[in-house]
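Structure first, commentary second.
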Amino acid sequence: MRRSDPVHLVESSREPRRRTVGPLFPASPRAVAALQSRAGNAAVGSLIGGSPGLPPVVVQRMVRPARTATLGRWEHEVEWNGPEWGAWDDRGGGTSVRVTLGPGSRAPSRIYGGSPPRPDQCTVVDALNARDGGGWVRGHLWNDHLGGPGTSRNLTPMTSATNRRFNRDFEEPLKKMLWACMRHAQDNPAADHWYGVRFHVEVVEETGRRSGDANDLDHYVFEEFDHEARYVRKDKRTRAIAPAGAPLPAGFPPELL
């Protein structure tokens, strides 16, 4: 209508709007629940209903779903024990490492948890490459993708071929073992334990060094490396770590013995 039109008041034929009236039975939720368990849902509903003429409030006790007892996040379960290092020095590098890793070592945020070799560590590799025209690398005893640092205690001189063979025979299978532990933790959040892997890598003293002469560069090069990886279980409540034993969950790769 235009602004100049007169306004006519018309009586409405609709029923007056009803106001919502508060409960006639004021009580705390705990008191209502106590009465509900004794008198029943219908009785409590009639007591706490709205105004006269309105239908009674329907009351039903809701069962609270049980909480999943995860007892901590698996992503935080990274290094359980160690590392324990063998003898090492900045020139020749390290000789052994022992570590126990949990499922968090394979969490997406830790795809690369270590560090590449530092150029000022395990410096004999530079001298070997200068002598032979290349072919030598600073090899990680504890793989850098699993958290191993690029420092002398975790590095040892390896030929490129030896480093590739070590990766194929040990490091990649070890990663698969830890992937299985991660998947189990993801798929079984209510389990009372996590799975992890305890492994060690060490030079083989029995086969010795390439040279017994401490002034020879080959004195710092070991002929062989020994390695092993076994599954362990960590109790979520006690935090105790023990050998996993048999049977292992389906789909777990074999241990590296």
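Is the shape of segment 76-122 rounded, prolate or oblate, going by the alpha carbon gyration tensor and its root eigenvalues a ≥ b ≥ c, with a/c under 1.5 for rounded and a/b larger than b/c for prolate? Because a/c hits 1.5 or more and a/b fails to exceed b/c, segment 76-122 counts as oblate.
A 1.4 Å probe, protein heavy atoms only, puts the accessible area of Ile111 near 80 Å².
Surface calculation, 1.4 Å probe, protein heavy atoms: Trp194 sits at approximately 10 Å² accessible. Sorting His76, His140 by accessible area puts them as His76, His140; the probe is 1.4 Å, largest comes first, and only protein heavy atoms count. Surface listing: Arg110, Arg168 arranged by accessible area from highest to lowest gives Arg168, Arg110, probe 1.4 Å. A probe of 1.4 angstrom, applied to the heavy atoms of all protein chains, finds Phe166 with accessible area near 10 square angstrom. The gain in end-to-end length when the Trp179 to Asp132 segment is fully stretched comes to 13.1 nm, 0.36 nm per residue minus the alpha carbon separation.
The dipole here belongs to segment 133-209: it is taken about the Cα centre, uses +1 on the Cβ of Lys and Arg and -1 on the Cβ of Asp and Glu, and is about 260 debye. Largest first, the residues Thr156, Thr162 sort by 1.4 Å accessible area into Thr162, Thr156.
Near the amide H of Asn81, within less than 5 Å, lie the amide hydrogens of Thr100, all on another chain or at least 5 residues away, with H placed in the peptide plane.
The values are calculated or read from the model by the stated rules, or taken from the named source; none is laboratory data. Since the structure is predicted, the reported quantities are computational estimates derived from the model, not experimental observations. With ideal geometry, Cβ positions are generated from the backbone for all residues, glycine too; neighbour counts draw on all protein chains shown. Quick note on the areas: whole protein, heavy atoms, side chains included, nothing else; ligands and nucleic acids left out. Shrake-Rupley method; radii C 1.70, N 1.55, O 1.52, S 1.80 Å.
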